[in-house]
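Working notes for the structure below.
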Amino acid sequence: MTYATIESSTAEGSPYYLYQFVEGDQVWRFTSRASDWTSAASEGGALRWEAAAISHGDVVQTSEIERGRLELTWPLSHPFARRFLAPLGNRPVTLTIFRGHEQVLGETVAHWKGRIVGAEVEGVRILLNCESVF
C-alpha cells in the first residue's frame, strides 16, 4: 500500500507528523508518534526523531500572509519549546512538518514549511507561533 492510497482513504489512514527545526547548523527533530523513531535519510544514513507531546493547528493554503500562520502546542515543561520564551535571536528557526501514515512508515510528504516568529504561555501549554515561508 502506498501513501497516496492511504491518504485518499476515508477509513484506513493513521497519520503521524514529523517536525524538523533548523537554526543555522543545528537541527532538532520531533515526532507526534508515541515513541522515538528512526527513519532512513536520503543519503543512506538514519535520522532520529524524538517523541514529543506536540500538535499543530489546521494547515490553510492561502495567498494571505496572516492566514498562512500556524500554531504549535507543546507542554509547558518541554525544554525545546521553553527556549522560545526568551527573546528570539538574529538567526531564524525554520520548521518543516512532514506527514506520514503508520501503515507506510518509510513514506512521508512535506506538509508545511515556515519559521517561528514568537511564543507565549497559555495555562500549562507553550504556543509557538509560526508563519509560512510561501
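The values are calculated or read from the model by the stated rules, or taken from the named source; none is laboratory data. All of these numbers come straight from a predicted model, not from anything done at the bench. Because the Cβ atoms are built from the backbone with ideal geometry, glycine has one as well, and the counts that use them run over all protein chains shown. Ligands, DNA and RNA are stripped out before the accessible areas are found, and what is left, the full protein with its side chains, is counted by its heavy atoms. Shrake-Rupley method; radii C 1.70, N 1.55, O 1.52, S 1.80 Å.
Annotations
- Extreme residue, most open to solvent (accessible area, probe 1.4 Å), among residues of segment 107-122 that are touching a Gly at 6+ places or on another chain (Cβ under 8 Å) and in contact (Cβ under 8 Å) with a residue 60 or more places away in the chain: GLU107
- The set of residues in segment 3-62 being within 16 Å of THR96 (Cβ to Cβ), among the polar types (S, T, N, Q), modelled with pLDDT of 90 or more and assigned to a loop (DSSP other than H, G, I, E, B) consists of SER32 alone.
- Pairs linking a residue in segment 20-42 that is under 17 Å from CYS130 (Cβ atoms) and free of Cβ contacts under 8 Å to residues at least 40 places away in the same chain to a residue that is open to solvent by 50 Å² or more (accessible area, probe 1.4 Å) and of a type outside the set (S, T, N, Q), with Cβ atoms under 9 Å and 6 or more positions apart or on different chains, are ARG29/ARG48; ARG29/GLU50; SER32/PRO15; SER32/ALA53.
- Residues being loosely packed, with under 14 Cβ neighbours inside 10 Å and under 16 Å from the mean Cα position of the chain (by Cα) - total across segment 123-133: 1
- Residue match in segment 66-73 (condition: at pLDDT 95 or above, under 11 Å from the mean Cα position of the chain (by Cα) and either of a type in the set (Ser, Thr, Tyr) or farther than 17 Å from GLY114 by Cα (or both)): yes
- Answer residue from segment 76-98, given it is open to solvent by less than 40 Å² (accessible area, probe 1.4 Å) and not β-branched (Val, Ile, Thr) and is nearest to VAL117 (Cα to Cα) among those: PHE84
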